[in-house]
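The values are calculated or read from the model by the stated rules, or taken from the named source; none is laboratory data. Everything numeric in this text was worked out from a predicted model, so none of it was measured. In this analysis, Cβ positions are derived from the backbone assuming ideal geometry, glycine residues included, and neighbour counts consider all displayed protein chains.
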Amino acid sequence: MVTIETLNNKFGIANKATFYKGKGGLICLAVNTAPAAADISLYGAQLQSYAPAGQKEMIWMSAKSLFEEGKAIRGGVPLCFPWFGPHPDKAKPQHGFARLQYWDVLKVEERAEETIVVQLGLKPSTVSMEMWPFQFEATATFSIGKTLDVKLSVANTGNQAFEYSGALHTYFNISNIDSIAIEGLQGTTYYDGFGTEVKTQNPQLLYFNTETNRRYINSTGDCIIIDKEYNRKIHVAKTGSKVTVVWNPGEDVAKTIGDMQPEGYKTFVCVEPANAYTGIDTIALNPGQSHTLATTIKLVD
Ligand code: TA6
C-alpha cells in the first residue's frame, strides 16, 4: 500500500495539504488554508470536516464512528455508489461499495484564492466486480475554499450499458435538531422512508420532531438549513440530481445505531443530493458516457 511519505512527496502542498495517518490507521488528507480547513479520508473518499475560516464546523462526524476496513465511516459525506439504500440482495452492503474502498489520489492542486482541489479515483476491483460487474471510473472532486464543492463523476469505461443510483449523503453539523428548519422543499412530493405512498410537503419549512427519512422526488432546487441557535444558514445547491433525501433518525432509531451516540441524532441532519429511486432518476450510462452528481455548500446571510 502507498505510504504517507510517498503521498506527501507526490501530492502534498507545504503547510496547506498534508497526508497523515488518521483514526484506525486510515490515510487522510488535512487541508488548512486562509479561507478554510477540511479533512478527507482516502477510505471511501469521505470528507470528514469542512469549516470556512472563523466559522463553526459545517460537517458532523459521529463520536462513535468505527474507522475500520469493511465498515462505513459514520458522518461526513459518504459517497453512495453504485446503489443507494439497501440492495435487494441482502448480502450486498447498503449504499454500495464506494464508501468501503480505498480511493487513489489523482491530484491535489492549489487554485485561485487558495482554493485546494482534491481529486480521488476509484476503478473496478475484485470486490466491486463481484457485486457489480461493470467497468467504470469514478472520480470524487473536492474544491475547498470559501465554499465547498463535492462532485462524484462516473464514467462507463466498458462495453456494456449500466444503471446506477447514488448520493452525496452529507451529514451537516447543527446546533440542535429542535432548533433547525429546512427551506426549499415546499410543494415537492416525497416518499416516506422506503414506502411507496406519495405525499406532498405543504408547509414552507420542514421541522423535525421524530424520525424523518424522506426522498423528495423531482426535487432539483436548493435547500437552506436554517439554524437558529447557531445563527447561521447553510445553503445546499446541487446539480445532476433529481431526488433530495432528508434524514434524521430521531431518538428511538438513534439508539439502535451502534456507531452513533444515543444523543448523536440531535446534532446532525442529512440533506443529500441523490439519484435514488428506481424508475424515476437512476442514471443510465452507455459505453463512453458519464454523469456528475455535485453539490455546493456555503453559508449565506
Ligand atoms: O439516507 C437515509 C438513509 O438511507 C436511511 O435510511 C439510513 O439508513 C441512513 O441512510 C444511514 O445509512 P447507513 O447505511 O449509513 O447506516
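Okay, here's what the table says:
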| quantity | calculated |
| --- | --- |
| Search result, residues across the stretch 70-101 that are under 12 Å from the mean Cα position of the chain (by Cα), among the small types (Gly, Ala, Ser) and farther than 18 Å from Phe172 by Cα | Ala98 |
| Candidate set from the stretch 220-268 (those that are of a type in the set (Phe, Trp, Tyr) and part of a strand (DSSP E or B)); member that is farthest from the ligand (Cβ to nearest atom) | Phe268 |
| Tally of residues being touching a Leu at 6+ places or on another chain (Cβ under 8 Å) and more than 16 Å from the ligand (Cβ to nearest atom) across the stretch 86-126 | 10 |
| Residues of the stretch 177-206 that turn out to be surrounded by 12 or more Cβ atoms within 10 Å (Cβ to Cβ), more than 15 Å from the ligand (Cβ to nearest atom) and either among the aromatic types (Phe, Trp, Tyr) or assigned to a strand (DSSP E or B) (or both), as a count | 6 |
| Close pairs (8 angstrom Cβ cut-off, 6 or more residues apart or separate chains): closer than 18 Å to Ser125 by Cβ in the stretch 87-98, in a helix (DSSP H, G or I) and modelled with pLDDT under 95 anywhere | Phe97/Val127 |
| Neighbours by Cβ (under 8 Å, 6+ apart or cross-chain): first from the stretch 122-140, among the aromatic types (Phe, Trp, Tyr) and surrounded by fewer than 16 Cβ atoms within 10 Å (Cβ to Cβ); second modelled with pLDDT of 95 or more and in a helix (DSSP H, G or I) | none |
| Of residues in the stretch 207-219 being surrounded by fewer than 19 Cβ atoms within 10 Å (Cβ to Cβ) and either among the acidic types (Asp, Glu) or assigned to a loop (DSSP other than H, G, I, E, B) (or both), the one modelled with the lowest pLDDT | Asn218 |
| Residue within the stretch 205-213 that is farther than 26 Å from Lys71 by Cα and touching a Ser or Thr at 6+ places or on another chain (Cβ under 8 Å) present | yes |
| Those residues of the stretch 215-256 which are among the acidic types (Asp, Glu) and touching a His at 6+ places or on another chain (Cβ under 8 Å), in sequence order | Asp222 |
| Per-region count, the stretch 227-259, residues of a type in the set (A, V, I, L, M), surrounded by fewer than 17 Cβ atoms within 10 Å (Cβ to Cβ) and under 20 Å from the mean Cα position of the chain (by Cα) | 1 |
